[in-house]
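Chemist: Here you go, one structure.
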């Protein structure tokens, strides 16, 4: 990532936040993370949006999702989604009752 990429990410992050959305990054190379810190993007995004692994990112992001939105979702892309409202774990429990 170069300075132009950091600048673009900074502005994209701001636009998404104004729309009520977030960007999260994971598995960054040391050079990219250093550029994000030097360019102010890391501070702008917040360390809670930068993860060392995909698993850590998914676990954190899924836990912050709106339960009502999860309940209406049929996609269930991640394993963690099955534990959310409307997920497979909840369906199986309700069918066995």
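Chemist: Considering only the stretch 57-77, how many residues are assigned to a helix (DSSP H, G or I) and loosely packed, with under 14 Cβ neighbours inside 10 Å?
Modeler: Narrowing the stretch 57-77 to residues assigned to a helix (DSSP H, G or I): 57-64, 67-71.
Right, trim to loosely packed, with under 14 Cβ neighbours inside 10 Å and you get 63-64, 67-69, 71.
Count: 6.
Chemist: So which pairs qualify, if the first residue must be in the stretch 46-66 and within 18 Å of residue 82 (Cβ to Cβ), the second must be modelled with pLDDT under 90 and assigned to a helix (DSSP H, G or I), the Cβ gap must be under 7 Å, and the two must be at least 6 apart or on different chains?
Modeler: Cβ pairs passing all conditions: 58/80; 59/80; 62/80; 62/81.
Chemist: Something else now. Which of the following residues is at pLDDT below 90 and touching a strand residue (DSSP E or B) at 6+ places or on another chain (Cβ under 8 Å): 1, 45? Full working, then the answer.
Modeler: On the way: 1 fails: touching a strand residue (DSSP E or B) at 6+ places or on another chain (Cβ under 8 Å).
Of the residues listed, the single one that is at pLDDT below 90 and touching a strand residue (DSSP E or B) at 6+ places or on another chain (Cβ under 8 Å) is 45.
The values are calculated or read from the model by the stated rules, or taken from the named source; none is laboratory data. This structure is a prediction, so every number in the text was calculated from the model and none was measured. Because the Cβ atoms are built from the backbone with ideal geometry, glycine has one as well, and the counts that use them run over all protein chains shown.
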